[in-house]
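The values are calculated or read from the model by the stated rules, or taken from the named source; none is laboratory data. Owing to the predicted nature of the structure, the values given are computational and were not obtained by experimental measurement. Glycine also receives a Cβ, built like all others from the backbone with ideal geometry; neighbour counts cover every protein chain displayed. Just so you know, the surface numbers come from the protein's heavy atoms only, side chains and all, with ligands and any DNA or RNA stripped out. Shrake-Rupley method; radii C 1.70, N 1.55, O 1.52, S 1.80 Å.
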Amino acid sequence: MSTEELVVVAENFSRELSLASAGKKTSLPFIAHEIPASSLVPDGETFQILAMGGSVFLNALLKKQRKHFHTIKRDSKNTGVFKTKESFLSFIENEIDPNVQYIALNFAYPLTPVFERGRVDGTLVMGSKENTFDGLPGEKVGEEIEKRIFQKTGRKVTVSVANDTICLLLSGLTEVSTLDLAAGILGTGMNFAMFLDEKHVVNLEAANFDKFPQTDTGKLIDATSVSPGMALLEKEVSGAYLYKHFNEIIKRDKIDFPPLTATKELDALLDTPTSVAYPIAKMLLERSAGLIASVIAGITLYKRRDMTFVMEGSLFWSARYYRRNVKRTLQALIPEYTVTFIKIDDSPIFGAAKLIA
C-alpha cells in the first residue's frame, strides 16, 4: 500500500476513535473499563495471579511490598478444552491457593467489563478457541469463581477479571505514565488498547476495524471463515491468516509452489530472494506492517502526543524486518510524533497484578 493510502487508513482509525469515545457506533467496539483508584491488596500481603488463554495457563503467587511486586512462585501448564462452566470452575478451584484472599484472572476471552465492589469483573460474552464454557456466557466470571470458592470451602475471596489486552496495557504502568501508554497484540490474532484517562482504559477490539481497502484474497478468506463480516482487519494482518493470503495468491496466479501451513513459513521465504515466492511473502508482511502502523498512527493522532506501546506477539517481535517496516511507516505517517515500543517480561502476570494491587 502507498503512503497516501496508509495516511487515509490512519485518519480513519483516529476518526473512529473520536466517534466511539463520543458514544457513536463505529467498527470499533471500544469497550471502556474503570480501574480501581486504590489497591485492594494490603501492603505485605501475598496474592495470586491466574492467566488463561488458549492452551497455556499461568499461575503465580506475588507479594506486594509498597508499589512493587515480588514473585514467590510461578508455574505454567497446558490445559485441556473447557466445554462447560463446571469444568472451568472445577479447574480454577483446584488452582487457587488456600491461603490467598485476592486473585486476579487474566482471561483471554471476550468480556463485557463490570466495575463493582471496587474491582473490575467481566461478563463472558462467548467462548472461543474451542473453549465454549457452556453455562458461563452471560455470567460475571469473577463473581462465579467467588461463589464457587465460598460454596466449596467457606472462604471469601475477591476475584478481579480482565481480558489479555487490558492486562497487557496495565503491565506497561511499571515503566510509563498512563496517558502516554497504549498496548498492542500482534501474533496469531491482533488487538489494541489504550488509556482514556488515569482511571479508565479501553479495549478497542481493533480486529474489527473496517475502514481500509480490503484485498481480494481477504474477501475470499472472510467469506469462507467461521465469522464472515467480522474481524476484517485481523484477517488481513495477523498470523492466523497471512499464510492463507499466500495460498490464495499462488492458486489464483497459478504459481507452482507448495501451499504454506503457517505464517511463520512466510519469514523463511525471505531467505531466498530468487524464489518465485519471495515477492509474495515480502509484499504480505510489508502490507501487514503498513496497516498495523496505520492503527498505531491513528491512536497517536487521537491522543495527540508521543506514545509508548507495550507490544506482545511473535509476528511483531520476531518476523523479519517487521518492526523496522512499522517504524519506517510511522515516520512517514506521523513525523511530528515519536512512538516507542517496549516488551514487558511476564506481562500477563504483572498486568493482571495491576488490577488489584
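Quick one: would you say residue 112 is touching a residue at least 60 places away in the same chain (Cβ under 8 Å), surrounded by fewer than 21 Cβ atoms within 10 Å (Cβ to Cβ) and β-branched (Val, Ile, Thr)?
Details: touching a residue at least 60 places away in the same chain (Cβ under 8 Å): yes; surrounded by fewer than 21 Cβ atoms within 10 Å (Cβ to Cβ): yes; β-branched (Val, Ile, Thr): yes.
Answer is yes for this residue.
Go through region 339-357 and count every residue that is modelled with pLDDT of 95 or more and of a type in the set (Val, Ile, Thr).
Qualifying residue count, region 339-357: 3.
Here's a check for you: in region 46-79, which residue that is open to solvent by less than 50 Å² (accessible area, probe 1.4 Å) and outside any strand (DSSP E or B) is farthest from residue 354 (Cα to Cα)?
Kept after step one, since they are open to solvent by less than 50 Å² (accessible area, probe 1.4 Å), are these residues of region 46-79: 46-54, 57-62, 64, 69, 79.
Among the residues that remain, those that are also outside any strand (DSSP E or B) are: 54, 79.
Details: 54: 22, 79: 25 Å.
For region 46-79, the residue satisfying everything is 79.
Scan region 119-141 for residues that are assigned to a loop (DSSP other than H, G, I, E, B) and open to solvent by 30 Å² or more (accessible area, probe 1.4 Å) and jot them down.
Our first condition is that a residue be assigned to a loop (DSSP other than H, G, I, E, B); within region 119-141, this holds for 125-127, 129-130, 132-133, 135-139.
Correct list: 125, 126, 129, 130, 132, 135, 137, 138, 139.
Out of all the residues in region 190-203, is one or more aliphatic (A, V, I, L, M), in a helix (DSSP H, G or I) and in contact (Cβ under 8 Å) with a residue 12 or more places away in the chain? Spell out how you get there, then give the answer.
Within region 190-203, the subset aliphatic (A, V, I, L, M) is 190, 193-194, 196, 201-202.
Keeping just the survivors that are in a helix (DSSP H, G or I) gives none.
No - not one qualifying residue is present in region 190-203.
Looking only at region 252-261, decide whether some residue is surrounded by fewer than 23 Cβ atoms within 10 Å (Cβ to Cβ), touching a Leu at 6+ places or on another chain (Cβ under 6 Å) and assigned to a loop (DSSP other than H, G, I, E, B). Step through it out loud before you land on a result.
Looking only at region 252-261, we keep the residues that are surrounded by fewer than 23 Cβ atoms within 10 Å (Cβ to Cβ), and these are 252-261.
Cutting the leftovers down to touching a Leu at 6+ places or on another chain (Cβ under 6 Å) gives us none.
No, because not a single residue in region 252-261 is surrounded by fewer than 23 Cβ atoms within 10 Å (Cβ to Cβ), touching a Leu at 6+ places or on another chain (Cβ under 6 Å) and assigned to a loop (DSSP other than H, G, I, E, B).
Please specify each residue of region 3-45 satisfying the condition of being more than 26 Å from residue 191 (Cβ to Cβ) and modelled with pLDDT of 95 or more.
The one that is more than 26 Å from residue 191 (Cβ to Cβ) and modelled with pLDDT of 95 or more: 4.
Give region 239-273 a look and list any residue that's of a type in the set (Ser, Thr, Tyr) and within 16 Å of residue 283 (Cβ to Cβ), or say none.
Our first condition is that a residue be of a type in the set (Ser, Thr, Tyr); within region 239-273, this holds for 241, 243, 261, 263, 272.
Correct list: 241, 243, 263, 272.
I'd like to know if region 228-244 contains one or more residues that are in contact (Cβ under 8 Å) with a residue 24 or more places away in the chain, basic (Lys, Arg) and either assigned to a loop (DSSP other than H, G, I, E, B) or surrounded by fewer than 23 Cβ atoms within 10 Å (Cβ to Cβ) (or both).
Yes, some residue in region 228-244 is in contact (Cβ under 8 Å) with a residue 24 or more places away in the chain, basic (Lys, Arg) and either assigned to a loop (DSSP other than H, G, I, E, B) or surrounded by fewer than 23 Cβ atoms within 10 Å (Cβ to Cβ) (or both).
Name every residue in region 100-114 that is at pLDDT 90 or above and touching a strand residue (DSSP E or B) at 6+ places or on another chain (Cβ under 6 Å), in order of residue number. So that I can check it myself, show each step before the final result.
Our first condition is that a residue be at pLDDT 90 or above; within region 100-114, this holds for 100-107, 111-114.
Across region 100-114, the qualifying residues are 100, 102, 103, 104, 105, 106, 107, 111, 112, 113, 114.
Yes/no matrix, rows are residues, columns are (1) of a type outside the set (Val, Ile, Thr); (2) touching a Lys or Arg at 6+ places or on another chain (Cβ under 7 Å); (3) touching a residue at least 60 places away in the same chain (Cβ under 8 Å):
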| position | (1), (2), (3) |
| --- | --- |
| 302 | yes, no, yes |
| 326 | no, no, no |
| 338 | no, no, no |
| 344 | no, no, yes |
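Residue check, residue 345 against (1) open to solvent by 30 Å² or more (accessible area, probe 1.4 Å); (2) assigned to a loop (DSSP other than H, G, I, E, B); (3) touching an Asp or Glu at 6+ places or on another chain (Cβ under 9 Å), all met but one. Which one?
(3)
For region 262-291: of the residues being open to solvent by 30 Å² or more (accessible area, probe 1.4 Å) and among the hydroxyl-bearing types (Ser, Thr, Tyr), which is nearest to residue 2 (Cα to Cα)?
The extreme case among them is 278.
Which residues, taken from region 147-169, are part of a helix (DSSP H, G or I), farther than 30 Å from residue 309 by Cβ and open to solvent by 20 Å² or more (accessible area, probe 1.4 Å)?
The initial filter retains those residues of region 147-169 that are part of a helix (DSSP H, G or I), namely 147-153, 164-169.
Retained after the next criterion (residues that are farther than 30 Å from residue 309 by Cβ): 147-153.
The answer is 147, 148, 150, 151, 152, 153.
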